[in-house]
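**Student:** Below is the structure I would like to discuss, written out as structure tokens.
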Amino acid sequence: MAANNRRMSGKKGAQVGSGGKRRRGLEGKGPTPPAEMRKGHIKQRAVQAKARRAQSRTKGPRGRSTSELVVGRNPVVEALREGVPASTLYVQQFIDSDERVREALQLASERGGIHLMEAPRPELDRMTNGLNHQGLVLQVPPYEYAHPEDLAGAAADAGEDALIVALDGVTDPRNLGAVVRSVAAFGGHGVVVPERRAAGMTAGAWKTSAGTAARTPVARATNLTRALEAYKKAGIVVVGLAADGEAELSELEALEGPVAIVVGSEGKGLSRLVGETCDVRVRIPMPGGAESLNAGVAAGIVLWEAARRRA
């Protein structure tokens, strides 16, 4: 009996039931999901990374434009001659070389920092969406926009009265380039453009600026009205150009101090909210009877007057 007790003492007590969990654990869980849907799988991570890259390309980096392609032999050569920033020059394989092709390759090589890439014609067709690229495609990198406050800050750092031009509804990049060129010529501190429905610093704007865009900052404002209100709080007088302005340019003493000159689009002029934000609206006398001037010409006239008064 004692031996029997010893044998019994080695046994475990009653087992607690699993409540059917073990049985359910043996049941099938359905078909195996594809690798792209399995958490932590290398294929799922690759799909997620691709989606993030696509989203970043759609939104674009804050404060930067998207990259641009200059297409065709003449446009590419002109862009390189004018110093338009470029990252890559694509040349079609087995291209029939002429003077423009040779000049493009020479200019890109002399400047430095431009990658030369040879690509088959189908690849260039895909890149340009079927445009007539003639075997030459130049990639212009995204433009780094400043913040509107940076322009006023640069003037303060230099111990100068701010001289800024803001464009309201100007959609032609050539007008933007002309304004940038005038700002540089008359000692201005930069140009402000709205983020939406406005010209940006494209290759066309770079060419029209004749290289001055490299040293004259262009700022992009999410809301132009708020940017102008911030200038006013900083002591900068906001002057709007309007054909029916209450003051004439020759009478505007504000040009002798810190000022932001707002130029509207040709035809429409200043938008209502921007016009109401201006401290004063000024008109340019035109004895010849022209109804309006384009943005580049109008800005140049006012900037010249400002520079003359400050000399």
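**Student:** For region 235-311, run through the trypsin sites (Lys or Arg not before Pro) and keep only the ones in DSSP coil with at most 12 other Cβ atoms within 10 Å of their Cβ.
**Tutor:** Values: sites: Lys268, Arg272, Arg281, Arg283, Arg308, Arg309, Arg310; in loops: Lys268.
Passing sites in region 235-311 are Lys268.
**Student:** Could you list the GluC sites (Glu not before Pro) in region 116-220 that lie in coil according to DSSP, counting only those with at most 16 other Cβ atoms within 10 Å of their Cβ? Walk me through the intermediate numbers first.
**Tutor:** Values: sites: Glu118, Glu123, Glu144, Glu149, Glu160, Glu195; in loops: Glu160, Glu195.
Those satisfying the criteria are Glu160, Glu195.
**Student:** Lys207: which aspartates and glutamates have alpha carbons under 15 Å from its alpha carbon, excluding same-chain residues fewer than 8 sequence positions away?
**Tutor:** Result set, ordered by chain and number: Glu68, Glu78, Glu82, Asp172.
**Student:** Taking a cut-off of 13 Å between Cα atoms, list the aspartates and glutamates near Lys233, but don't count ones fewer than 8 places away on the same chain.
**Tutor:** Partners within reach: Glu149, Asp279.
**Student:** Additional query: For region 63-135 and region 182-224, what is the centre-to-centre distance using only Cα atoms, to the nearest Å?
**Tutor:** Here the two parts' Cα centres lie 24 Å apart.
**Student:** Roughly how compact is region 187-311, stated as its Cα Rg over 2.2 N^0.38 Å to two decimals? Don't skip to the answer; put the middle values down first.
**Tutor:** On the way: Rg = 14.3 Å, N = 125, 2.2 N^0.38 = 13.8 Å.
So the Cα radius of gyration is 1.04 times the expected 2.2 N^0.38 Å.
**Student:** I would also like to ask the following. Say R0 is 25 Å: what FRET efficiency, to the nearest 0.05, do Glu99 and Leu131 get from their beta-carbon distance?
**Tutor:** Working: r = 22 Å, r/R0 = 0.87.
About 0.70, to the nearest 0.05.
**Student:** Roughly what % of DSSP beta bridges within region 229-311 run antiparallel, to the nearest 5?
**Tutor:** Values: 1 of 10 bridges.
Approximately 10 percent, going by the DSSP bridge assignments.
**Student:** Sticking with this one: Between Glu160 and Arg308, what is the label-to-label distance in nm when each label sits 7 Å out along the Cα-to-Cβ direction?
**Tutor:** 2.0 nm
**Student:** Tally Lys and Arg at +1 and Asp and Glu at -1 over the other residues with C-beta under 14 Å from the C-beta of Ala299: what net charge comes out?
**Tutor:** Numbers: positive: Arg174, Arg181; negative: Asp168, Asp172, Glu266, Glu305.
Net of charged neighbours comes to -2.
**Student:** Subtracting the Cα-Cα distance from 0.36 nm times the residue separation, let me have the gained length for Ile301 to Asn74 in nm, one decimal. Present the calculation step by step, with values, prior to reporting the outcome.
**Tutor:** Working: separation 227, 0.36 × 227 = 81.72 nm, distance 3.22 nm.
Answer, rounded to one decimal: 78.5 nm.
**Student:** Rounded, prolate or oblate: which fits region 81-194 when a ≥ b ≥ c are the square roots of the eigenvalues of the alpha-carbon gyration tensor, with rounded for a/c under 1.5 and prolate only if a/b beats b/c?
**Tutor:** Details: a/c = 2.99, a/b = 2.37, b/c = 1.26.
It is prolate, given that a/c is not under 1.5 and a/b is the larger ratio.
**Student:** Another question about this same structure. For region 230-289 and region 146-175, what is the separation of their Cα centres, given in Å?
**Tutor:** About 15 Å separates the Cα centre of region 230-289 from the one of region 146-175.
**Student:** What FRET efficiency, computed as 1/(1 + (r/R0)^6) with R0 = 45 Å and r the Cβ-Cβ distance, is obtained for Leu273 and Arg81, rounded to the nearest 0.05?
**Tutor:** Details: r = 41 Å, r/R0 = 0.90.
Working from the Cβ atoms, E equals 0.65.
**Student:** Sort 128-136, 216-224 by the packing proxy (mean of other Cβ within 10 Å over each peptide's residues), most packed first.
**Tutor:** Numbers: 128-136: 15.9, 216-224: 20.2.
So the peptides 128-136, 216-224, ranked by packing, come out 216-224, 128-136.
**Student:** Still on this model: Taking the Cβ of Val91 as the center, what net charge do the other residues with Cβ under 12 Å away carry, scoring Lys and Arg +1 and Asp and Glu -1? The partial results should precede the final answer.
**Tutor:** Working: positive: Arg73, Arg100, Arg102, Arg121; negative: Asp96, Glu118, Glu123.
My count for the surroundings of Val91 gives +1.
Laboratory data are not the source of any read-out in this text; all were calculated from the coordinates shown. What you see is a predicted model; the values in this text were computed from it and never measured. Positions of Cβ are generated from backbone atoms using ideal geometry, with glycine treated the same way; all protein chains shown enter the neighbour counts.
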